[in-house]
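Heads up: the structure comes next, in structure tokens.
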Amino acid sequence: MSTIAETASRAPTRRRMRVDGWRWAGRIFLVFMLLYTALPMIWMLITSIKSGFAATQFPPQWWPDEPTLASYQKLLDPQNSVGQDFLRFFWNSLFVSTVTTILSVIVAVPAAYAFSRFSFPGRNFLFFAVLLRNMFPAVIFLVPLFILMRAIGLVNTHGSLILTYLTFGLPLAIWLLKGFYDNIPVQLEQAARIDGATRFQAFIMIVMPLSTPGIIATAIYSFIGAWNEYIYAYTFLSKNEQLTLPVGIQRFFSENTTDFPGLMAASFMMSVPVVVLFLVLQRYFVRALTEGAVKH
Amino acid sequence: MAHVVLQDLVKSYGGFKAVNHVSLTVNDGEFVALVGPSGCGKTTTLNLVAGLTPITSGDIIIGERVVNDLDPKDRDIAMVFQNYALYPQKSVYKNLAFPLQMRKLPRDEIDKKVKEAARVLDMTHLLERKPRELSGGQQQRVALGRALVRDPAVFLMDEPLSNLDAKLRVQMRSEIKRFHQDLKATIIYVTHDQLEAVTMADKMAVMNGGYLQQYDSPAQVFAHPVNMFVASFIGSPAMSLIPLEASTANGNTVLTGAEGWRLELSPRNAQKVVRATTMKVVLGARHSTIKLHKSAVPGSIPAKAYTVEPTGDVTFVQAFLSGAIVNVSVPPNIAVSPDEQIWLEFDQERMHLFDGETEMALKAN
């Protein structure tokens with residue numbers, strides 16, 4: 001009797017101890033991860049408001065003695081050549097990424113729906129063929145795609161990049177969206193069709209609104225992929241006025257003497273659209289990735 | 001309201017026939033239950049009537065129209081789904097209004113009909129809620145409401161009660177039955193639960209393996225099952241089916257059990273056995289038609305009680321006879337213990353006899 005009572009009273013305290021230990025390990029790990037990801041960003045931001053001299057000082061100024069927005073003013077000023085280039089690169093990136101995003105949603109939505117709902121000959125084969133592309137590193141396709149683009153006369157156009165980004169982004173977009181449609185009970189569409197909708201109306205009025213989170217996630221994914229891509233933009237485009245931001249920033253600042261505050265300011269501004277997009281829409285993104293994990 | 005006719009309906013997937021030459025007529029205002037085990041083709045049949053699945057061959061007639069090639073929206077039907085299929089992003093009001101909007105009714109008329117349906121189903125206070133904020137029973141009601149706002153020719157219901165807990169199921173069962181009586185609605189109701197079919201339907205269509213086994217009133221199906229499948233599927237606990245050997249000696253027809261006991265048949269039952277294609281005959285008896293005796297009486301068969309299940313108002317005793325389980329009900333005041341020697345007496349008037357080869361019920365003439 002006494003032993004039972006003893007173990008019973010001791011067990012809870014021991015269990016709580018163990019949970020606390022793990023919890024602290026978890027917290028320390030999270031703090032470490034936070035520093036690991038946030039510190040470079042913070043350092044980028046601090047450097048961008050330094051003067052050129054202060055940025056190269058050693059030991060570094062942890063906080064600039066004379067913070068200045070001069071680099072930002074220079075980059076955003078359409079009157080000077082640096083600003084002209086930066087704004088053009090920014091516009092080019094925005095254009096390529098936006099068109100890629102729109103096209104990828106337009107293609108991925110019906111494709112994913114078809115893969116999810118219809119059975120047609122070669123469905124599984126096609127689905128895995130679509131994914132096969134993602135099993136190879138992107139660089140493998142660099143030379144073949146370049147030859148292809150030259151053959152169809154798309155080298156030095158934004159069209160070449162949009163097409164390339166679509167071939168990279170679409171497979172995952174379709175995969176992601178298909179998972180989404182799989183989780184929408186087919187009975188909802190059937191109910192809508194019995195209630196008087198055509199198959200297309202049922203899709204537009206019932207299924208589309210329910211898959212908005214998936215569509216948004218797909219859009220973010222396509223946009224970020226296109227926005228950050230470097231190697232293809234570097235290979236396919238050679239004219240200065242066509243460059244996208246990643247290539248533009250890199251090329252521009254290696255041509256001039258390295259202007260670290262300017263480089264950091266440009267990098268910071270390049271990351272702003274992505275971060276803003278993600279912050280605004282992240283709840284959809286998380287929902288899209290976890291959808292179907294639990295039954296509701 | 002309208003009648004529904006299925007003529008020689010077939011649905012095949014490759015070589016597999018999910019629905020195999022099914023023909024039946026649902027009269028105007030009739031409540032018909034399609035019942036059978038899972039995979040028997042009952043839901044497929046319902047989807048064929050709804051137009052959600054294209055038919056392979058045959059005809060479906062709703063009212064006076066052949067609807068084989070019509071879209072679901074043009075068939076003038078309403079359907080209640082097992083998972084209710086309420087539009088999750090729409091409020092209850094908008095769920096109910098959707099079928100009316102799709103039919104381009106004027107807004108004030110939609111409002112009137114939605115409110116009327118809500119009043120009938122006692123959910124006026126729920127109109128602004130989203131489906132996920134409702135309990136299972138309330139969701140069920142909304143699904144029913146969405147079907148009835150439109151006043152369709154036929155109601156199709158696909159296991160509408162199977163997601164509810166037992167108590168609510170019994171309550172909704174009587175509500176749907178009441179709803180049928182008030183509206184004189186033509187209803188085709190799919191269920192795997194034979195009790196639902198028996199309690200609610202005017203007629204039941206028992207299906208198995210894509211074939212329609214029997215189509216008749218629940219009382220008829222219960223009293224005269226056409227084959228062993230129907231006999232064992234309808235009724236709870238299931239009818240006991242005991243494989244026996246028939247023989248005739250001195251003008252008497254006798255069934256012999258594997259244990260060697262003999263059961264002399266009445267003249268009428270003997271007449272049935274003569275029609276069997278083999279000497280293998282299966283005796284079917286419901287628990288209430290078997291008498292349990294604690295000592296031997298003429299015509300009774302010795303057996304040993306195997307399990308005893310008291311349920312309150314009746315106690316079920318199981319015994320093995322000829323390799324089959326026999327279920328007998330006794331009043332709770334009769335105490336039987338496992339392994340006790342008992343004697344079973346079959347009611348010759350209410351026993352069923354089946355051909356051991358074809359599994360079909362044997363008839364006297």
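Each reported figure results from applying straightforward, stated rules to the coordinates on display, with no laboratory input. Everything numeric here is computed off the predicted structure, so don't read it as measured data. Here the Cβ positions follow ideal geometry from the backbone for every residue, glycine too, while neighbour counts run over all protein chains shown.
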ask   = Does residue B:296 count as in a strand (DSSP E or B) and not β-branched (Val, Ile, Thr)?
value = no
remark   = Residues of segment B:25-56 being in a strand (DSSP E or B), touching a helix residue (DSSP H, G or I) at 6+ places or on another chain (Cβ under 6 Å) and among the aliphatic types (A, V, I, L, M), in sequence order, are B:33, B:34, B:35
message = Filter segment B:122-152 down to the residues that are outside any helix (DSSP H, G or I), closer than 18 Å to residue B:181 by Cβ and either touching a helix residue (DSSP H, G or I) at 6+ places or on another chain (Cβ under 7 Å) or within 14 Å of chain A (Cβ to nearest Cβ) (or both) and list them by number.
response = B:151, B:152
query = Tell me, which residue of segment A:181-238 that is surrounded by 20 or more Cβ atoms within 10 Å (Cβ to Cβ) and polar (S, T, N, Q) is farthest from the chain's Cα centre (by Cα)?
reply = A:190
Those residues of segment A:164-189 which are polar (S, T, N, Q), within 15 Å of residue A:210 (Cβ to Cβ) and assigned to a helix (DSSP H, G or I), in sequence order = A:187
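Taking segment B:85-112 as the search range and keeping residues that are assigned to a loop (DSSP other than H, G, I, E, B) and more than 10 Å from chain A (Cβ to nearest Cβ), which one is surrounded by the fewest Cβ atoms within 10 Å (Cβ to Cβ)? Before you say what the answer is, go through the steps one by one.
Restricting attention to segment B:85-112, the residues satisfying the condition of being assigned to a loop (DSSP other than H, G, I, E, B) are B:85-91, B:103-106.
Subsequent filtering for residues that are more than 10 Å from chain A (Cβ to nearest Cβ) retains B:91, B:105-106.
Numbers: B:91: 17, B:105: 17, B:106: 9.
Ranking the qualifying residues of segment B:85-112, first place goes to B:106.
Would you pick out the residues in segment A:24-68 that are in a helix (DSSP H, G or I), of a type in the set (S, T, N, Q) and surrounded by fewer than 16 Cβ atoms within 10 Å (Cβ to Cβ)?
If the condition is that a residue be in a helix (DSSP H, G or I), of a type in the set (S, T, N, Q) and surrounded by fewer than 16 Cβ atoms within 10 Å (Cβ to Cβ), then A:37 is the only one that fits.
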request  = Would you be able to say whether some residue in segment B:247-260 is assigned to a strand (DSSP E or B), surrounded by 16 or more Cβ atoms within 10 Å (Cβ to Cβ) and under 12 Å from the mean Cα position of the chain (by Cα)?
outcome  = no
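Please work out which residue is nearest to residue B:243 (Cα to Cα), limiting yourself to segment B:299-330 and to residues that are of a type in the set (S, T, N, Q) and in contact (Cβ under 8 Å) with a residue 24 or more places away in the chain.
Initial filter on segment B:299-330 (of a type in the set (S, T, N, Q)): B:300, B:307, B:311, B:315, B:318, B:322, B:327, B:329.
Within this subset, residues satisfying the condition of being in contact (Cβ under 8 Å) with a residue 24 or more places away in the chain are B:300, B:307, B:322, B:327, B:329.
Values: B:300: 17, B:307: 21, B:322: 7, B:327: 15, B:329: 21 Å.
Step by step, filter segment B:299-330, then rank; the result is B:322.
In segment A:200-217, is there at least one residue being closer than 30 Å to residue A:253 by Cα, touching a Leu at 6+ places or on another chain (Cβ under 9 Å) and either within 11 Å of chain B (Cβ to nearest Cβ) or touching a residue at least 24 places away in the same chain (Cβ under 8 Å) (or both)? Talk me through it step by step, then tell me what you get.
First, the residues of segment A:200-217 that are closer than 30 Å to residue A:253 by Cα: none.
No, that holds for no residue.
Can you pull out the residues in segment B:7-24 that are under 17 Å from residue B:211 (Cβ atoms) and either in a loop (DSSP other than H, G, I, E, B) or out of contact with any helix residue (DSSP H, G or I) (no Cβ under 8 Å at 6 or more places or on another chain) (or both)?
The initial filter retains those residues of segment B:7-24 that are under 17 Å from residue B:211 (Cβ atoms), namely B:7-13, B:15-24.
The answer is B:7, B:8, B:10, B:12, B:13, B:15, B:16, B:17, B:20, B:21, B:23, B:24.
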request  = Just give me the residues in segment B:153-168 being touching a residue at least 12 places away in the same chain (Cβ under 8 Å) and closer than 22 Å to residue B:195 by Cα, in sequence order.
outcome  = B:155, B:156, B:157, B:158, B:159, B:160, B:161, B:162, B:163, B:164, B:165, B:168
Members of segment B:128-152 found to be in contact (Cβ under 8 Å) with a residue 12 or more places away in the chain and either among the acidic types (Asp, Glu) or touching a Ser or Thr at 6+ places or on another chain (Cβ under 7 Å) (or both), listed by number = B:128, B:129, B:130
ask   = Of all residues in segment A:69-88 being touching a residue at least 24 places away in the same chain (Cβ under 8 Å) and touching a Pro at 6+ places or on another chain (Cβ under 9 Å), which is surrounded by the fewest Cβ atoms within 10 Å (Cβ to Cβ)?
value = A:70
task = Considering (1) buried (at least 22 other Cβ atoms within 10 Å of the Cβ); (2) away from chain A (no Cβ under 14 Å), say which one residue B:62 fails and leave the rest.
result = (2)
